[in-house]
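Undergrad: Following this message is one structure expressed as structure tokens.
The values are calculated or read from the model by the stated rules, or taken from the named source; none is laboratory data. Everything quoted here is computed from the prediction, not taken from an experiment. Ideal geometry is used to build each Cβ from the backbone, glycine not excepted, and the neighbour counts take in all protein chains shown. Heavy atoms of the whole protein, side chains included, go into the accessibility calculation; ligands, DNA and RNA do not. Shrake-Rupley method; radii C 1.70, N 1.55, O 1.52, S 1.80 Å.
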Amino acid sequence: MKFSLIFQNDIVAFLPELFLAISILVVLMHGSFLGLSAAALYTYLTPSMIRLTSIILFISVFLVVNNPIESQTLWNSIFITDHLSIWLKLFVVLGLFVCISVSEAYLFSVRLRAFEFFFFIISICLSLCLLISSYDFLSIYLNMEFMSLIFYVLATWKKNSYFSAEAGLKYFILGSVASVFFLFGASLIYFSMGTTNIGSLSLLTENLSGCSPLFYLGLICLISALLFKLGSAPYHMWIADVYEGAPTIVSLIFASVPKLAIFVVVLRLVYTGFWCMFPVFWEDFFCLCGLFSLFIGCVCGLGETKIKRLLAFSSVGHVGFLCLGLASGSIEGVQSVLFYLFIYMLTAIFLWIYVLHLDLTSDDSFLTFSDVIGLVRSNPVFGLGIVLMIFSLAGVPPLGGFFAKLNIFVSVIDSSYYLVAIFAVLTSVVSAFYYIRLIKIFYFEKAESWFYFAPLTKGAAFFLVIIGWTVIFFMLSPNLFYLLIYKIAIGLMI
């Protein structure tokens, strides 16, 4: 009885995660029992699995929003719940809900009928929610490995594709190296400080005057492992191959959802655990990573002719902007990072739904620029929406992407990094070239043969309209987003 009273708040705050853990078993049992009858009757199991997974994610949204515990450490300070974790969990669950809702036509087209796919989706949701709430190096590592193991499997889901196997193997080997670096860094920090808890580390390092070289090496190993998961340069070697080799629905999940959870971990480490390292260490480290990522994303994207690889290198550049926001070391920098993450997630989901739509009509698994010719003539409204989203990625006003980059530039300039801001503007201008090249192909290239584009499903059309209106008409009512992001950022700093 006493035990239940002590951990009552912990259990209540963990209701979304407990529900997702139980739901994993439900999905597994549902697929196992119905799979045999579906195979015997030659019926299609995917629609019922999509409906069940969507219901689970929809209920999870309500559990996350109605969490009565606002701010508290849980389970002996291994986890934490606060405004940052609650809102980011909401964004993660909604992002996965959108990915599942638009997947049915693609799964039917590529004959991906294994019910285990939906088991992995719920597992991803659980791992990301746990990762967002993690407040200790051990919980961060275990949940990050839980997420990574699922992505290793999903990257190799195309059993008959050599490129999918190559992408999954490369991701697995490099991801294992990154995990070793994380453990090595955590052990060095534990050796220096005697604890792995982020809250305890923030107290121990508050008035720290000098640190040993092993402590700095541990910090570099920790953050490098996390930046690898984000695809930041110089840890970006895997990202283009995995985006191209994995099934497109998996690439959609890769590109949009996990970045939110991993950036929450980075924010907790930098702004909570090791805030004292800001004038000495973090500013230079994140500036170097940000500038290198901008350069790689700008240069490597110029010569690409494949759409998935282009989006992969584009994401490297956008992670570079996020690293520059982290380097500012202020509440405005945290606000700009969270706002950029939100806008980038929406834009990435929109464009990857379009790539998913292209995969339904293309015979080639490697989509090139020639596959997009004729879309504007086939569906002018959809083509216009894609063009506006590409402009948003490039940072053209008055779209949401412009305001996201503007906030990053303002936070960098407030920190007196004028040369960094100038370099970021130059790389943004150069990277706009390959975005404009796509738009030129959309509108001015003529097809040499007949083209056909499969019609959008109702679910995909609904979410594309919602995302498009949010990004395109953001300027009409920006205060709601700014106030929400400011509240989340304040929750991190308190």
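Undergrad: Looking at region 74-100, which of the residues that are open to solvent by less than 60 Å² (accessible area, probe 1.4 Å) and outside any helix (DSSP H, G or I) is farthest from Ile122 (Cα to Cα)?
TA: Ser77
Undergrad: Then there's this: Name the residue that is farthest from Thr427 (Cα to Cα), counting only residues in region 286-312 that are surrounded by fewer than 21 Cβ atoms within 10 Å (Cβ to Cβ) and among the aromatic types (Phe, Trp, Tyr).
TA: Phe292
Undergrad: Also, I was wondering about something else. For region 321-340, check the following and say yes or no: at least one residue is open to solvent by 10 Å² or more (accessible area, probe 1.4 Å), closer than 21 Å to Val242 by Cα and out of contact with any strand residue (DSSP E or B) (no Cβ under 6 Å at 6 or more places or on another chain).
TA: Among the residues of region 321-340, not one is open to solvent by 10 Å² or more (accessible area, probe 1.4 Å), closer than 21 Å to Val242 by Cα and out of contact with any strand residue (DSSP E or B) (no Cβ under 6 Å at 6 or more places or on another chain), which makes the answer no.
Undergrad: Tell me whether region 147-161 contains one or more residues that are aliphatic (A, V, I, L, M), touching a Gly at 6+ places or on another chain (Cβ under 9 Å), outside any helix (DSSP H, G or I) and surrounded by fewer than 24 Cβ atoms within 10 Å (Cβ to Cβ).
TA: Within region 147-161, none of the residues are aliphatic (A, V, I, L, M), touching a Gly at 6+ places or on another chain (Cβ under 9 Å), outside any helix (DSSP H, G or I) and surrounded by fewer than 24 Cβ atoms within 10 Å (Cβ to Cβ).
Undergrad: Further question on the same structure: Could you list, in sequence order, the residues of region 112-129 that are aliphatic (A, V, I, L, M) and buried (at least 20 other Cβ atoms within 10 Å of the Cβ)?
TA: The answer is Ile121, Ile122, Ile124, Leu126, Leu128.
Undergrad: If you don't mind, another one. Which is open to solvent by less than 50 Å² (accessible area, probe 1.4 Å), within 18 Å of Leu154 (Cβ to Cβ) and either among the small types (Gly, Ala, Ser) or at pLDDT 85 or above (or both), of Ala233, Ala178?
TA: Ala178
Undergrad: Of all residues in region 454-494, count the ones that are closer than 22 Å to Arg268 by Cβ and in a helix (DSSP H, G or I).
TA: The number of residues fulfilling the criteria is 10.
Undergrad: Say we look at region 248-285 and pick out the residues that are over 18 Å from Lys229 (Cβ atoms) and of a type in the set (S, T, N, Q); which of these is least open to solvent (accessible area, probe 1.4 Å)?
TA: The selected residue is Thr248.
Undergrad: Is it the case, given these coordinates, that Ile59 is at pLDDT 90 or above, surrounded by fewer than 15 Cβ atoms within 10 Å (Cβ to Cβ), out of contact with any strand residue (DSSP E or B) (no Cβ under 6 Å at 6 or more places or on another chain) and among the β-branched types (Val, Ile, Thr)?
TA: no
Undergrad: State yes or no: is Ile223 at pLDDT 90 or above, under 21 Å from Ser134 (Cβ atoms) and in contact with a Gly (Cβ under 6 Å, 6 or more places away or on another chain)?
TA: Here the answer is no, as Ile223 does not meet what is asked.
Undergrad: Checking Thr205 against (1) open to solvent by less than 10 Å² (accessible area, probe 1.4 Å); (2) at pLDDT below 85; (3) within 19 Å of Ile173 (Cα to Cα): exactly one of these is not met. Which one?
TA: (3)
Undergrad: When only residues in region 7-26 that are closer than 15 Å to Phe119 by Cβ and open to solvent by less than 50 Å² (accessible area, probe 1.4 Å) count, which is nearest to the chain's Cα centre (by Cα)?
TA: Leu20
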